[in-house]
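Here's the structure, in structure tokens; my notes come after.
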Amino acid sequence: NAGVTQTPKFRVLKTGQSMTLLCAQDMNHEYMYWYRQDPGMGLRLIHYSVGEGTTAKGEVPDGYNVSRLKKQNFLLGLESAAPSQTSVYFCASIGGSTPYEQYFGPGTRLTVT
Amino acid sequence: GNSVTQMEGPVTLSEEAFLTINCTYTATGYPSLFWYVQYPGEGLQLLLKATKADDKGSNKGFEATYRKETTSFHLEKGSVQVSDSAVYFCADNHGNNRLAFGKGNQVVVIP
């Protein structure tokens, strides 16, 4: 049981490049979330999903897209990266017998130059 | 909407000292309240929770009581260890199990 995994762990992009971050969970959780963490800002919700095939906007969705084609995977896309998207990105999931507890992945550190 | 506010700034203290981190919330209704901890280089982990007024969450020597009258959920530990050095986040739930996090407090425990 790997919990929540994220790939890649680190990435450096140039302005205007695109990339996809992958989040996978093996706990059969319904809900999944993408956050970004910036110094002094805490965690801010980008997008979330309440089940396979669904997505919804969070607090800071601009510049990002997401897809949840399979229940276990939640993809975060950056179509045209900007330096303001330099951050640490965390994926989380929730469900099952612990409905109040979000399980977090280890994070992806993204730098946009 | 819901929001949580944590006290400003990092917290530095000596081993075996008493730790308090303040958290207040503004919410319509009675949200569930949480403390999450982030150790260096890792994602967040749930430390403790309280789902209704007057509940006390506790784990690993940490405690927090859901106080409706002061809209607070302060985190306390009586005797901290070096291994407690981490960032601590207060959070409340919105709906669809979405969490709103405070800005976090860096805690540094000096031997």
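Listing for the model above:
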quantity	calculated
Positions within the range A:1-40 being in a loop (DSSP other than H, G, I, E, B) and surrounded by 13 or more Cβ atoms within 10 Å (Cβ to Cβ), in sequence order	A:G3, A:Q17, A:M27, A:H29, A:E30
Hey, A:R68 among the basic types (K, R), modelled with pLDDT of 95 or more and within 10 Å of the chain's Cα centre (by Cα) or not	no
Qualifying residue in the range B:51-63 (condition: more than 11 Å from chain A (Cβ to nearest Cβ), among the β-branched types (V, I, T) and touching a Phe, Trp or Tyr at 6+ places or on another chain (Cβ under 8 Å))	no
Residues satisfying the stated conditions in the range A:54-70, i.e. within 14 Å of chain B (Cβ to nearest Cβ) and in a strand (DSSP E or B)	A:A56, A:K57
Residue check for A:L45: surrounded by 18 or more Cβ atoms within 10 Å (Cβ to Cβ) and within 30 Å of B:G9 (Cβ to Cβ)	yes
Subset of the range A:71-113 that is within 29 Å of B:S32 (Cβ to Cβ), out of contact with any strand residue (DSSP E or B) (no Cβ under 8 Å at 6 or more places or on another chain) and assigned to a loop (DSSP other than H, G, I, E, B) - its residue that is nearest to the other protein chains (Cβ to nearest Cβ)	A:G96
Only one of B:D54, B:D84 that is at positive phi, modelled with pLDDT of 90 or more and more than 10 Å from the chain's Cα centre (by Cα)	B:D54
Selection within the range A:76-113 - more than 13 Å from A:V4 (Cα to Cα) and among the hydrophobic types (A, V, I, L, M, F, W, C)	A:L76, A:L78, A:A81, A:A82, A:V88, A:L110, A:V112
Only one of A:P83, A:P99 that is of a type outside the set (D, E, K, R), over 22 Å from B:G41 (Cβ atoms) and at pLDDT below 95	A:P99
Close pairs from the range B:94-105: first more than 7 Å from every other protein chain (Cβ to nearest Cβ), partner assigned to a loop (DSSP other than H, G, I, E, B) and modelled with pLDDT of 80 or more, Cβ under 7 Å, at least 6 apart	B:N105/B:M7; B:N105/B:P10
Verdict on A:L43 being touching a Leu at 6+ places or on another chain (Cβ under 7 Å) and in a strand (DSSP E or B)	no
Complete set of residues in the range B:87-111 that are in a loop (DSSP other than H, G, I, E, B) and either over 22 Å from A:Q37 (Cα atoms) or modelled with pLDDT of 95 or more (or both)	B:P111
Those residues of the range B:1-24 which are crowded, with 20+ Cβ neighbours inside 10 Å and closer than 19 Å to A:Y35 by Cβ, in sequence order	B:V4, B:Q6, B:C23
Tabulated pairs, the range A:69-80, first farther than 23 Å from A:Q17 by Cα, second of a type in the set (S, T, N, Q), C-beta under 8 angstrom, 6+ apart or interchain	A:K71/A:N28; A:Q72/A:Q25; A:Q72/A:N28
Some residue of the range B:66-78 being assigned to a loop (DSSP other than H, G, I, E, B), β-branched (V, I, T) and on the phi > 0 side of the Ramachandran plot	yes
Filter result for B:L33 (touching a strand residue (DSSP E or B) at 6+ places or on another chain (Cβ under 6 Å), away from every other protein chain (no Cβ under 12 Å) and not aromatic (F, W, Y))	no
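The values are calculated or read from the model by the stated rules, or taken from the named source; none is laboratory data. Model, not experiment: these values are computed from the prediction. Reconstructed Cβ throughout: ideal geometry from the backbone, glycine too, with neighbour counts over all protein chains shown.
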